[in-house]
Each structure stands twice: as structure tokens, then as C-alpha cells.
Amino acid sequence: MSDNKKLNIKEWAMGDRPREKMLTYGPRMLSDAELIAVLIGSGNLGETAVELSRKILGSVGNSLTDLGKKNYEYLSTFKGIGEAKAVNIMAAMELSRRRKSEEMPERPQISSSRDVAEILMPLLGDLDHEEFWIMLLNRSNKVIHQFMTSKGGLTATVIDVRTILKTAIERLATAMILSHNHPSGNLTPSDADMQITRKLKEAGKIMDIQVLDHVIVSQKGYYSFADNGLL
């Protein structure tokens with residue numbers, strides 16, 4: 001047998017088989033690379049699943065947060081990562097992101113822009129594309145609903161004001177907070193951000209639904225229109 005031949009997962013020592021290791025010791029005993037190896041199942045002709053997972057993690061500085069930003073095109077550049085394996089990794093990253101967003105308390109009360117950022121940064125902060133979200137509040141400034149209204153490049157033309165107001169009315173909201181992310185990390189509002197804010201603020205006045213703030217978030221921070229006197 002050639003010394004260069006890689007063992008398949010069934011030939012590994014029991015301690016090196018991540019699925020069996022998880023079943024025996026629990027998922028907390030596995031390294032990040034071993035957990036990803038469980039997701040992808042196998043490596044390639046030159047690397048085991050764990051070795052391939054280490055390479056993928058190494059490409060993003062061993063940061064799961066940065067891995068969560070990667071899309072199919074990036075993941076598929078690694079030999080042995082096809083559509084199914086890439087989708088498994090992306091699904092796991094999305095589940096992690098959603099779990100973070102569910103950890104907030106039931107109907108949190110908003111008293112500052114920081115409260116908004118703490119809710120939305122785990123949801124939007126590490127995305128590689130822009131998403132525009134609306135947070136609806138009741139008279140006590142408690143969150144009663146939040147939803148995404150657009151995805152991708154942000155312009156005033158892609159924001160459906162009628163749909164936003166319809167949802168706010170159906171939920172009996174008395175106020176709303178606008179939010180979106182800047183994947184670049186630059187928190188400076190763009191002209192489009194300003195136009196969207198003005199458009200929704202004026203539309204909200206007609207239905208007596210106040211726009212309290214527009215919060216731009218990134219992985220490392222946030223910017224509040226209200227805090228900076230832009231409302």
C-alpha cells in the first residue's frame with residue numbers, strides 16, 4: 001500500500017472519526033473542523049474530511065463568523081466540495097445565525113438604538129449581502145414583529161412602502177424602526193439610505209405610524225439616524 005494513500009472514514013481510528021466521536025462524547029468534544037467534517041461526510045482523494053475542513057477554516061482565519069459570510073461559489077472552489085456539501089455548510093451557518101436571533105427575550109422593549117443593534121447585529125451583521133428589515137413596536141415600544149422587506153442592493157425603488165404599512169397596520173403597530181446592514185463595514189449612510197428613511201417617515205405620518213429610527217449594522221458596530229439627528 002502506498003504511504004501516500006489516504007484512509008477513508010471507515011478506516012480511521014475510532015478517535016479520529018467525528019461522527020462516532022460525537023455519538024460517544026457529544027458535540028462539545030469536537031473541534032470546529034471535526035464538526036464541519038460531520039457536515040461534509042468525506043474529503044477528496046488527497047485529504048480526509050477533517051483535513052479538508054481545516055483547510056476551509058484556515059482560509060477564513062479559523063473564524064466561523066467569516067465562514068458564515070461565504071457563498072456557494074466560494075465553498076465550491078475547494079476540491080471535494082460540491083453542491084450538496086456546500087449547501088450543508090451554508091445551512092448550518094444559517095441555523096447558527098437564526099439561533100442567535102432567537103436567544104433574545106420575548107417581546108423586548110426598545111429604549112435606545114443599542115437595544116435595536118443587540119437584536120439585529122446577530123441576524124444581519126455577518127451577511128455578505130444587504131438586507132432591509134422593519135421592526136414593529138406597540139405603544140410600550142415593545143417589539144411585536146420584525147420582517148425582511150428586501151434583499152440585495154438597497155435603493156428607494158425596491159422598498160415597497162404599501163406592503164410595509166399594510167403589515168404594520170395588520171399588526172396594530174404604532175411605531176417602526178428601519179434597519180439594514182452594510183457588509184463592507186462602513187456605517188456611513190448613503191444617499192439611498194437617506195431617501196428610504198424620508199420616504200417611509202412621510203408615508204408613516206399618513207397612517208400615524210412613527211418611524212423612530214433607522215439603524216445600520218455591521219459585524220462590528222452600528223449607526224443610528226436618531227442618535228445622529230437625522231430624523
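Any chance you could count how many residues in the stretch 116-138 are in a helix (DSSP H, G or I) and crowded, with 18+ Cβ neighbours inside 10 Å? Residues flagged as in a helix (DSSP H, G or I) and crowded, with 18+ Cβ neighbours inside 10 Å within the stretch 116-138 amount to 8. Counting the residues of the stretch 31-47 that are in contact (Cβ under 8 Å) with a residue 40 or more places away in the chain and buried (at least 22 other Cβ atoms within 10 Å of the Cβ) gives 2. With respect to the conditions (1) exposed (fewer than 15 other Cβ atoms within 10 Å of the Cβ); (2) more than 27 Å from K69 (Cα to Cα), I164 lacks only one, and its number is (1). Taking the conditions exactly as written (more than 30 Å from V211 (Cα to Cα) and touching a helix residue (DSSP H, G or I) at 6+ places or on another chain (Cβ under 6 Å)), does A92 satisfy them or not? Criteria met by A92. Number of residues in the stretch 55-77 that are under 18 Å from E34 (Cβ atoms) and polar (S, T, N, Q) equals 3. Within the stretch 60-88, the set of residues being surrounded by fewer than 16 Cβ atoms within 10 Å (Cβ to Cβ), free of Cβ contacts under 8 Å to residues at least 24 places away in the same chain and within 21 Å of G125 (Cα to Cα) comprises V60, G61, S63, Y72, E73, V87.
Given the criteria at positive phi and aliphatic (A, V, I, L, M), does L212 qualify? Write out each step before concluding.
Working: at positive phi: no; aliphatic (A, V, I, L, M): yes.
The answer is no for L212.
Taking the stretch 182-231 on its own, how many of its residues are closer than 19 Å to G125 by Cα and assigned to a loop (DSSP other than H, G, I, E, B)?
Let us first name the residues in the stretch 182-231 that are closer than 19 Å to G125 by Cα, namely 182-190, 193, 213-225.
Among the residues that remain, those that are also assigned to a loop (DSSP other than H, G, I, E, B) are: 182-190, 218-221, 225.
The number of residues fulfilling the criteria is 14.
So, in the stretch 105-115, of the ones that are among the charged types (D, E, K, R) and part of a loop (DSSP other than H, G, I, E, B), which residue ends up modelled with the highest pLDDT?
To start, the set of residues in the stretch 105-115 that are among the charged types (D, E, K, R) comprises 106-107, 114-115.
Now drop any that are not part of a loop (DSSP other than H, G, I, E, B), which leaves 106-107.
Numbers: E106: 62, R107: 71.
Within the stretch 105-115, the match that is modelled with the highest pLDDT is R107.
Quick one: in the stretch 78-96, of everything that is under 16 Å from L35 (Cβ atoms) and of a type in the set (D, E, K, R), which residue is modelled with the highest pLDDT? Going through the qualifying residues, I end up with K85.
Checked against (1) in contact with a strand residue (DSSP E or B) (Cβ under 7 Å, 6 or more places away or on another chain); (2) under 24 Å from G185 (Cβ atoms); (3) of a type outside the set (D, E), K79 passes all but a single condition, namely (2). Cβ-Cβ distances below 8 Å connect the following pairs, each with a first residue in the stretch 162-187 that is within 12 Å of W133 (Cβ to Cβ), a second residue that is among the β-branched types (V, I, T) and part of a helix (DSSP H, G or I), and a separation of six or more residues or different chains: M176/I164; I177/V116; L178/I196; L178/T197; S179/V116.
The values are calculated or read from the model by the stated rules, or taken from the named source; none is laboratory data. Being a predicted model, the structure only gives us computed values, none of them experimental. All Cβ positions, even for glycine, are placed from backbone atoms using ideal geometry, and neighbour counts span all protein chains on display.
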